[in-house]
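Okay, structure first, notes after.
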Amino acid sequence: MNKWTRRAFIATGGLVGGGLALGIAGIALAPNRLTVMGDDDGKSARLTTWIKLAPDSTLTVLVPHCEMGQGAHTALAMMLAEELEADWATVRVEEAPAEDAYANGYLVRVFTPGMAHVPGFMERAVDFASLKLSQRMEMQVTGGSTAVRATGELGMRVAGATAKAMLLQAAAERWQVPASECVARSSKVLHSGSGRSASFGELASAAAKLEPPSRPTLKSADQYTLIGKPIPRLDIPAKVDGSARYGIDVTLPGMLYASVMAAPVFGARLASVDESPALDMPGVKRVVKLDDAVAVVADSYWRALQALRRLTPSFTQTGDSQRSSESLHKDIVAALEGKESKVDYSSGDAVARLSGAAKTVAAEYQVPYLAHATLEPMSATAWVTADRCEVWTGVQDPLAARGLAAKVAQLEDQRVTVHNMHVGGAFGRRLPGSQDFVEQAVRIAKAMAPKPVKLIWSREEDIQHDFYRPAVIGRFTAALDAGGMPVAWVSKFNGAAGGGDESPARPVYAIANQDIRSTRNNTHVRLGSWRSVAYSQHGFFNESFMDELAHAAGKDPYEYRHELLKDAPRQRAVLEKAAWIAGWGAKPPPGRARGIALVAGFGSIVAQVAEVEIIDGRIKVHQVWAAVDCGRVINPDGAAAQIEGGIIFGLSAALFSEITIRDGRVVQSNFADYPLPKLVDAPRITVEFIQSEAAPGGIGEPGVPPIAPAIANAVFAATGQRLRSLPLRLA
Amino acid sequence: MDGPTNMRAVHCVICDVAEGAIEVSMRIALNVNGQLHEVDVDQDTPLLWVLRESLGLTGTKFGCGIAMCGACTVHVNGAPVRSCSVPATALQGQAITTIEGLAAAGSRHPVQQAWIEHQVPQCGYCQSGMIMAVSALLAKTAQPSDEQIDAEITNICRCGTYERIRQAIHSLAARAGSAAGAQHE
């Protein structure tokens, strides 16, 4: 495991007050994910100054990822403290500032060997026309379930091990003993022969003057004392007493408040607006016209909102105002039936094998547009002066927000500061390319300069101006042999999945002949990454279709999958575990039925069994059992929470939420017509992990995809009705 | 402390402001977390925005503005109220409690403690409202059934922390049960 193919460049510096500040410069990640390479390519991402060690041994870990509830701050600090041998009680976490030094463009490098394709969650941030990916390395993104498996595995652990080596060396020099006789334990260095000890804090300033080792030794898994333990999350105490500060909570002296209304039809522009109904209202300072929106600025949010609601702006007419969900559906069908298609994955000769097969099965599935509906509505506070711009917000990439703010304010990046706050839910909504609320806030603040302005979107604005999970149709045909096993799998869908061996559109099962294609359809609806990205639709499609194949073969859906995973031991073990903890073989309670599904993505494998009952024509999910192989688990309790949350997030798509289009605009506007699961709807959830020494996989997203097909398959088991469209509704 | 009912005097302020608009606001007194605050509000300003913007109590969150998500839940005389949909002017003389005042400074309410023990919050944005809703339920019904929990706790958590919320409520109910049992002995 601990083999560096090239040198890691490690930078150190003194800390005010005599501590040690340590970071790693020039680490980038080679495509095989397990090696560290140097900066000899001249454009490697830098990871600098992650560790601050104070004279009292307080360890501050600067994490270049946002905390949006996924537990990354705690998990990454655990990985660093593990290697450093730090006393966990001394550990603090700060989110790294939005500065170039903390760019983590290496995340994209991990997933883009040769830059052949871009991971789904970053699609909106990449200039496809010129594929200027390298310019996008100046990012500080949290997405794609990458924090632990990239920053943690290849950055935090190395930083911790390096700092430990330097502290050992400092102690050895102080005591005039060989460093090999010194050990680090619980924020102290000990010399066994003489019984001497010194705290990390005492050694920090001397350690900071040393040359860092080029190949720090990492611990092996059997030496772990923190990794693998259910450590309480560091961000939770402030989240139970109201003291955690989110972007929407910022208050500045003299601050004004803005409410905004964007063109309801995507792509339309503001034509005109009579400002007087707003200006007549108390507390209103100004009506600010933006290209595609109008905003009211007032001395309170409520006054800004009330005044905005009195305006009747007119927006330009575009051809898109004729569009509807029905017309968009027709466009997708036309694309699927057109001659143009792109091969997403291909093996063998699938199409030829369809003819002459013992049996063929065909089905069509679809999913609608979906909004993220983060509970914290989009919000940003901006303060623009002649030569400075400051922004307070909650985003998944504060460096991208800084670049955006700089562009809008017409300032150099270095003159812009972005303060990234606690994020009140993100799920892909706050990635680069969809930070429109930051742009609006800076434009409005520029108009109101030098007064700071807090922009808050109404929930209606949020639901109607999201970057939506795409509406997708998938068409499937499979050929079964005489024994009922699939020999060919042909599928076609609209939109991009990713392509290649790891395409989310690929079935995980051993099927010799596969022909998987995508088509492009034109839509004016703004599209973005929605937690689990393309897996959210392809997991539903593929695992529903697998269930249909099992049924056509007259086999148990678990046994059928199991047989097709003969040569995939990790997947098979996950499937077995889910079936075992759910008691798959035993009869469910009267009136209930079970469905199973397995999806592999983001470096992890998750299988879920859902137990449902049809009550008064409605689907009630009583219980979900989830088995997870995410490699080595860093924080089991935090990881379980992510799977639990992923199941509820997937449940929203499975049973509740749908965005539709009429007259070119989104029909839904708030939780009354865009319902989300509540406590009464939440199944009881059991999560178990496979014990694994494999490299960590992602955990934020993999819990989402299996639940919709597991429920649909359970509904089929209960009723004989095969539901092929989300949200699932019984006929 | 004098009861807040003594402070119900309301006066309207009508004055010309620079832009020539007429500013209409009322000065009212609100009893929040045991303290009286005089604030200028419009007739229809929801309590939520008075708490957040006039009093700086930002622990109470804005989620939907139509009383559906419950992120803005506070207690009014101990009962859960969705502060986005009740005008502050209607609440003079009532005892308002926000998440910041749920427990005495430096201590935690049992619900807050249970939320830490069960590691409930993820993004945490809904949890102020969730904790206020649950603490109000448990004050009324110390050992609620699952059906009562489902009926009373209708707040939305987008991160999906419901499994832990239910476990935390059950653990609090069990503790209340054993405490009651101990008293009977």
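Readers should treat all values here as calculations from the given coordinates under stated rules, not as data from a laboratory. Everything quoted here is computed from the prediction, not taken from an experiment. Methodologically, a virtual Cβ is constructed for each residue, glycine included, from the backbone with ideal geometry; neighbour enumeration extends over all protein chains shown.
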If you find the alpha carbon centre of region A:417-470 and of region A:333-348, how far apart are they in angstrom? 37
Evaluate the Debye formula for region B:110-184 with equal point scatterers sitting on the alpha carbons, no solvent, and hand back log10 of I(q)/I(0) at q = 0.13, 0.16, 0.21, 0.24 Å⁻¹, in q order, two decimals. -0.35, -0.52, -0.88, -1.13
Remind me, relative contact order of chain A in percent, using alpha carbon pairs under 8 angstrom and six or more residues apart? 14
Whole angstrom only: what separates the Cα centroid of region A:668-731 from the Cα centroid of region A:229-261? 29
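How large is the dipole of the protein assembly as shown about the Cα centre if only Lys and Arg carry +1 and Asp and Glu carry -1, each at its Cβ, rounded to the nearest 20 debye?
Its charge dipole is roughly 1040 debye.
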Which of B:S171, B:S145, B:S85 moves the most in a Gaussian network model of chain B with Cα springs under 10 Å? B:S145
Candidate lysines - alpha carbon under 21 Å from A:K492, same-chain residues fewer than 8 apart omitted: A:K330, A:K339, A:K342, A:K359
Ranked output for segments A:347-359, B:117-129, B:28-40, A:299-311 by mean other Cβ atoms within 10 Å, highest leading, reads B:117-129, A:299-311, B:28-40, A:347-359
In what sequence, highest mean first, do A:706-718, A:332-344 appear when ranked by Cβ atoms within 10 angstrom? A:706-718, A:332-344
Expressed as a whole number, the average count of other chain Cβ atoms within 10 Å around the Cβ atoms of B:91-103 is 1
Out of B:A133, B:A173, B:A151, a Gaussian network model of chain B with alpha-carbon springs under 10 Å gives the largest mean-square fluctuation to B:A151
Quick one: if you stick a label point 7 Å off each Cα along the C-beta vector at B:D150 and A:V183, how many nm between them? 5.5
So what's the back-of-envelope 222 nm ellipticity for chain A, counting only DSSP H runs of four-plus at -39500 (n - 2.57) apiece and dividing by all residues, rounded to 500? -7500 deg cm²/dmol
At R0 = 45 Å, FRET efficiency that the Cβ-Cβ distance of A:D291 and A:R570 yields, to 0.05: 0.35
Mind checking which lysines have their Cα closer than 21 Å to the Cα of A:K285? Skip sequence neighbours fewer than 8 apart in that chain. A:K446, A:K451, A:K454
Students often get this wrong, so check it: of A:K678/B:K61; A:K164/A:K239; A:K188/A:K219, which have C-alpha atoms separated by over 27 Å? A:K164/A:K239
For region A:620-637, 3J(HN,Hα) per residue [Karplus equation, 6.51 cos²θ - 1.76 cosθ + 1.60, θ = phi - 60°, Hz, x = Gly/Pro]: 10, 9, 7, 8, 10, 10, 10, 10, 9, 10, 10, x, 5, 8, 6, 10, x, 6
Which of A:A147, B:T154, A:M546 sits farthest toward the positive end of the charge dipole of the protein assembly as shown, with +1 on the Cβ of Lys and Arg and -1 on the Cβ of Asp and Glu? A:M546
Given just the C-alpha atoms of region A:501-642, how large is their convex hull per residue in cubic angstrom? 172
Quick one: the Cα spread of region A:147-278 along its three principal axes, in angstroms, biggest first? 83, 33, 32
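Across peptide A:279-288, what mean number of C-beta atoms from other chains lies inside 10 Å of a residue's C-beta?
Partner-chain Cβ atoms within 10 Å, mean over residues of A:279-288: 4.
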So, by mean Cβ neighbours within 10 angstrom, what's the order for A:681-690, A:240-249 with the highest one leading? A:240-249, A:681-690
Distance in Å, no decimals, from the C-alpha centre of region B:30-68 to the one of region A:268-295 is 26
Return the average number of partner chain Cβ atoms within 10 angstrom of each residue Cβ along peptide A:672-681. 6
Quick check: residue separation of A:A449 and A:I581 times 0.36 nm, minus the Cα distance between them. What number comes out in nm? 41.5 nm
Taking the Cβ of B:E117 as the centre, find all other residues whose Cβ is under 15 Å away and add up their charges (Lys, Arg: +1; Asp, Glu: -1). +3
Using the eigenvalues of the Cα gyration tensor, what equivalent ellipsoid semi-axes result for chain A when each is taken as the square root of five times the eigenvalue, whole Å, largest first? 42, 37, 23
How much length is gained on full extension from A:T660 to A:K359, taking 0.36 nm per residue of separation minus their Cα-Cα distance? 104.7 nm
Place +1 on the Cβ of every Lys and Arg and -1 on the Cβ of every Asp and Glu in region A:344-445, take the dipole about the Cα centre, and give the residue among A:G356, A:A400, A:H422 whose Cα lies farthest towards its positive end. A:G356
